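Student: This structure is in structure tokens; I'll ask about it shortly.
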Amino acid sequence: QKEVEQDPGPLSVPEGAIVSLNCTYSNSAFQYFMWYRQYSRKGPELLMYTYSSGNKEDGRFTAQVDKSSKYISLFIRDSQPSDSATYLCAMMAGGYQKVTFGTGTKLQVIP
Amino acid sequence: GAVVSQHPSRVICKSGTSVKIECRSLDFQATTMFWYRQFPKKSLMLMATSNEGSKATYEQGVEKDKFLINHASLTLSTLTVTSAHPEDSSFYICSAPDIRGQGNPFFGPGTRLTVL
């Protein structure tokens, strides 16, 4: 079993839709949860960073962490074609430690 | 957010040659940097942890003699792919935790290596 599971997609949605991306994990030591956006042939860009359980909102993005279920989500409201990218969930047990990534979900927002 | 740069962004080399990739933290110091590689349509796989002033820590299955890491200063880590072969062709990405925050990592733009 992989430490982090993420549906690779691809996921296609119409412009303006609400997008839901999620990951499950097995390592209960994970405390920090991130979502990265990666465009083709580019490095990952940090979108959201959450410590422990709870919700965090930043503009059109909302990250949710449920440690009891070992489940994290990223919601994108009013999706735009420019949101088309691969979204990677990532986790680490402590600050400054190595990151374990999900496989990434490829999202396409259709105009 | 913090800025991490990589150089070169793209390199093509002949089989058997060595290639050096630089990773720099531009506006913060990083005592630790991480090196990843990513194959097409795959996720990032951690190769090694680079520690300033000490030896790098390699993940299982990564050849330390092939992938030489030197953390020369608090803002620079280098990865040298020695005697490169076509199977080493990949996207190499470094990251550095921002010590001004909670240690969440910021990633460089990546280096695409093609070995002919």
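The values are calculated or read from the model by the stated rules, or taken from the named source; none is laboratory data. Here the structure is a predicted model, which is why all the values come from computation and not from measurement. A quick note on method: Cβ atoms are made from the backbone with ideal geometry, for glycine too, and the neighbour counts reach across all protein chains shown. We work out accessible area using only protein heavy atoms, side chains counted, and drop any ligands, DNA or RNA first. Shrake-Rupley method; radii C 1.70, N 1.55, O 1.52, S 1.80 Å.
Student: In nanometres, what is the gap between the two model label sites at A:Ser82 and B:Ser9, each 7 Å from Cα along Cα-to-Cβ?
Tutor: Roughly 1.9 nm, to one decimal.
Student: Next question. Tell me, what is the per residue accessible area of the protein assembly as shown in Å², probe radius 1.4 Å?
Tutor: Numbers: 10910 Å² over 227 residues.
On a per-residue basis, 48 Å².
Student: With charges set only on the Cβ (+1 for Lys and Arg, -1 for Asp and Glu), what does the dipole of chain B come to about its Cα centre, in debye to the nearest 20? Walk me through the numbers on the way to the answer.
Tutor: Details: 12 positive and 9 negative charges, 56 e Å.
It works out to roughly 260 debye.
Student: Oh, and also: Output ³J(HN,Hα) for the stretch B:33-46: one whole-Hz value per residue in order, computed from phi by the Karplus curve 6.51 cos²θ - 1.76 cosθ + 1.60 with θ = phi - 60°, and x for Gly and Pro.
Tutor: With coefficients 6.51, -1.76 and 1.60, one gets 9, 10, 10, 10, 10, 9, 8, x, 6, 10, 7, 7, 10, 5 Hz.
Student: Hey, got the dipole for the protein assembly as shown? About the Cα centre, +1 on K and R Cβ, -1 on D and E Cβ, debye to the nearest 20?
Tutor: On the way: 23 positive and 19 negative charges, 81 e Å.
With only Lys, Arg, Asp and Glu charged at Cβ, the dipole is about 380 debye.
Student: Let me ask something else about it. Excluding ligands, DNA and RNA, what is the accessible area buried between chains B and A, summed over both sides, using a 1.4 Å probe, to the nearest 100 Å²? Walk me through the intermediate numbers first.
Tutor: Working: alone 6460 and 6140 Å², together 10910 Å².
For B against A, buried area totals roughly 1700 Å².
Student: Turning to a different aspect of this structure: Would you mind counting up the charge near B:Tyr36? Only other residues with Cβ under 12 Å from its Cβ, with Lys and Arg at +1 and Asp and Glu at -1. It would help to have the intermediate numbers written out before the result.
Tutor: Numbers: positive: A:Lys98, B:Arg37, B:Lys42; negative: B:Glu59.
Net of charged neighbours comes to +2.
Student: Is the C-alpha gyration tensor of the protein assembly as shown telling us rounded, prolate or oblate? Criteria: a/c under 1.5 is rounded; beyond that, a/b larger than b/c is prolate, otherwise oblate.
Tutor: Values: a/c = 1.88, a/b = 1.47, b/c = 1.28.
Because a/c hits 1.5 or more and a/b exceeds b/c, the protein assembly as shown counts as prolate.
Student: Roughly what would the spin-label model give for B:Thr82 and B:Asn51, points 7 Å off Cα along C-beta, in nm?
Tutor: Result: 2.1 nm between the two label points.
Student: Oh, and also: Over what distance in Å are the Cα centres of the stretch A:90-110 and the stretch A:4-60 separated?
Tutor: Between the Cα centres of the stretch A:90-110 and the stretch A:4-60 lies a distance of 7 Å.
Student: Quick query: amide H of A:Gln108 versus all other amide H atoms, modeled in the peptide plane; which residues come in under 5 Å with a sequence gap of 5 or more or a different chain?
Tutor: Here the answer is A:Leu11, A:Ser12, A:Val13, since their amide H atoms fall under 5 Å of that of A:Gln108.
Student: Pop a pseudo-label 7 angstrom from the Cα along the beta-carbon direction at both B:Gln60 and B:Leu116 and give the gap in nm to one decimal.
Tutor: Distance between the two pseudo-spin positions: 3.9 nm.
Student: Turning to a different aspect of this structure: Projecting each Cα onto the charge dipole of chain B (Lys/Arg +1, Asp/Glu -1 at the beta carbon, about the Cα centre), which of B:Phe28, B:Val3, B:Ser50 comes out farthest on the positive side?
Tutor: Sorting the options by dipole projection puts first B:Val3.
Student: If a cysteine in chain B has no other Cys Cβ under 4.7 Å from its own Cβ, put it on the list, ordered by number.
Tutor: Isolated Cys, chain B: B:Cys13.
Student: Taking θ as phi - 60°, what are the ³J(HN,Hα) couplings along the stretch A:48-61 by the Karplus curve (6.51, -1.76, 1.60), each to the nearest whole Hz, with x for Gly and Pro?
Tutor: So the J values, rounded to whole Hz, are 9, 9, 10, 9, 6, 7, x, 10, 9, 10, 8, x, 7, 9.
Student: To continue, here is another question. So what is the relative contact order for chain B, in percent, with contacts set as C-alpha pairs under 8 Å and at least six apart? Intermediate values should be presented prior to the final figure.
Tutor: Details: 293 pairs, mean separation 42.0, N = 116.
Answer for chain B is 36 percent.
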